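As structure tokens, the structure follows; a few thoughts come after it.
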Amino acid sequence: MTWVAGLTVTGKMTCDGCGRVMRHSERYGYICEEGKPPLCLCVDCSRARGYLKLKRDEKGKEVETFL
């Protein structure tokens, strides 16, 4: 089972995918997969791995959301 949360950086943290330093107020994905250590992925890495998708909200506006 996979659990994904979209969170906001407070301070600094490093992306577990590309190693980029993320700074305060950037979005990131926190991904937990059964039997694996949790990952913190920047928006680009989350998008590349399929955890961040473009969807339409109820007003028809496109927004990116973590699955």
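Read-outs: derived from the displayed coordinates by stated rules, not from any lab. This is a predicted model, so every value here is computed, not measured. Every residue, glycine as well, gets a Cβ built from its backbone with ideal geometry; the counts of neighbours run over all protein chains shown.
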Cα-based Debye curve of the stretch 20-65 sampled at q = 0.17, 0.27, 0.29 Å⁻¹ gives log₁₀ I(q)/I(0) of -0.59, -1.00, -1.05
Phi-derived 3J(HN,Hα) across the stretch 21-27 with the Karplus relation (6.51, -1.76, 1.60, θ = phi - 60°), rounded Hz, x for Gly and Pro, is 7, 9, 10, 2, 6, 6, 8
Take peptides 55-67, 18-30, 37-49, 1-13 and line them up by average Cβ neighbours within 10 Å, highest first, as a rough protection proxy. 37-49, 18-30, 1-13, 55-67
A correct Karplus calculation of ³J(HN,Hα) over the stretch 55-67, with 6.51 cos²θ - 1.76 cosθ + 1.60, θ = phi - 60°, whole Hz and x for Gly and Pro, returns 10, 9, 7, 5, 8, x, 7, 7, 9, 8, 9, 7, 7
Search the structure for amide H atoms under 5 Å from the amide H of Arg20, placed 1.01 Å from N in the peptide plane, and list their residues when 5 or more places away or on another chain. Cys15
Could you work out how much longer the chain between Asp16 and Cys32 gets when fully extended? Use 0.36 nm per residue separation minus the Cα distance between them, nm to one decimal. 4.5 nm
Karplus 3J(HN,Hα) series, Hz, for the stretch 30-35 with 6.51 cos²θ - 1.76 cosθ + 1.60 (x for Gly, Pro): 10, 10, 10, 10, 4, x
